[in-house]
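Notes follow once the structure below has been shown.
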Number of protein chains: 2
Amino acid sequence: MTKYEPDLDRTFFALADPTRRAIIGLLCAGPKTVSDLAEPFDIALPSLLKHVQLLEKAGIVTSEKRGRVRTCSVDTDALRATDRWLQAHITEWETRLERMEAHIQRMKENEQ
Amino acid sequence: MTKYEPDLDRTFFALADPTRRAIIGLLCAGPKTVSDLAEPFDIALPSLLKHVQLLEKAGIVTSEKRGRVRTCSVDTDALRATDRWLQAHITEWETRLERMEAHIQRMKENEQ
DNA sequence: TCAATACTTTCACATATGACTAAGTATGAG
DNA sequence: CTCATACTTAGTCATATGTGAAAGTATTGA
């Protein structure tokens, strides 16, 4: 089973909007209906739904329709993969700094 | 000294473009001039510069002009803070799942 | 059966974005 | 001093985005 590889364009873009990040925050506390999600926001329902759909396309949210109610949940696989990208680059930078510092230390010791 | 708190709108948006993520990848290997950065890409120099400037506004890149050459470096503070946001939400979700699983286990034990 | 509820779809609008070209500015090398 | 190099700025264009209102559809409860 391969590690989930998201479309990083989509996941980072989905996270670039404060309303969508707030939606994710709400869903981390547990599944919620579309109406639940809409309550804290002062935007029209079709606008909120558009955000939810963009989060679904990014793989961050899943939703299921039962009767007239659509319930949404967070799906952390995409968030994890996004996090892996960030971690890899932070680590690469830090590793390079550590190597440079060790090299400088060795040069100082050779100088004495 | 307070922990660096970036504008998450900007940092996630900066990361939502493949060209900008590639620029970050290049800079994680070490500082580079604008011309260095432009080489691997098939876009006009003003377009590449626009990307670099957006990364600077997001706090992910810093640059310094010396003579006619501008040298860019990565600055991982913004990447770290972005990562903290992701980690916090992944953790919140996982903590909630663990609690639910423990609760279900207890109910099963009480049933027997 | 009907009214209420919970979405869903469509269209419109203002703004932002990512690309381009062209021209300009500053610096360095010969 | 002149030419080459390395950016920088300005304007344009096509596309995308986030909001809204209006109307529609499906389901549920009385």
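The values are calculated or read from the model by the stated rules, or taken from the named source; none is laboratory data. All of these numbers come straight from a predicted model, not from anything done at the bench. Here the Cβ positions follow ideal geometry from the backbone for every residue, glycine too, while neighbour counts run over all protein chains shown. Only protein heavy atoms, including side chains, enter the accessible area calculation; ligands, DNA and RNA are left aside. Shrake-Rupley method; radii C 1.70, N 1.55, O 1.52, S 1.80 Å.
General remarks:
- With the charge dipole of the protein assembly as shown set up from +1 on Lys and Arg Cβ and -1 on Asp and Glu Cβ about the Cα centre, the Cα lying farthest toward the positive end among the listed residues B:ASN110, B:LEU45, A:VAL74 is that of B:LEU45.
- For segment B:48-112, the per residue solvent-accessible surface stands at 66 Å², with DNA, RNA and ligands left out and a 1.4 Å probe.
- Cα centroid of segment A:13-53 to Cα centroid of segment A:72-112, whole Å: 33 Å
- In the B-A interface, the accessible area buried, summed over both sides, Å² (probe 1.4 Å): 2800 Å²
- Accessible surface of segment A:14-112, 1.4 Å probe, proportion on carbon and sulfur as whole %: 49 percent
- All Cα pairs of the protein assembly as shown, percent lying beyond 21 Å: 64 percent
- The dipole here belongs to segment B:55-108: it is taken about the Cα centre, uses +1 on the Cβ of Lys and Arg and -1 on the Cβ of Asp and Glu, and is about 180 debye.
- Restricting the trypsin sites (Lys or Arg not before Pro) of segment B:13-112 to loop positions (DSSP other than H, G, I, E, B) with no more than 15 neighbouring Cβ atoms within 10 Å leaves B:ARG68.
- Computed about the Cα centre, the dipole magnitude for the protein assembly as shown is approximately 400 debye when only Lys and Arg (+1) and Asp and Glu (-1) carry charge, each at its Cβ.
- Contact residues in segment A:69-91 (at least 50 Å² less accessible area with all protein chains than alone, 1.4 Å probe): A:ARG80, A:ASP83, A:TRP85, A:LEU86, A:HIS89, A:ILE90.
- Dipole magnitude for chain A: about 500 debye, using +1 per Lys or Arg Cβ and -1 per Asp or Glu Cβ, origin at the Cα centre.
- Evaluated at q = 0.12, 0.16, 0.23, 0.24 Å⁻¹: base-10 log I(q)/I(0), Debye formula over Cα of chain A: -0.53, -0.76, -1.23, -1.29
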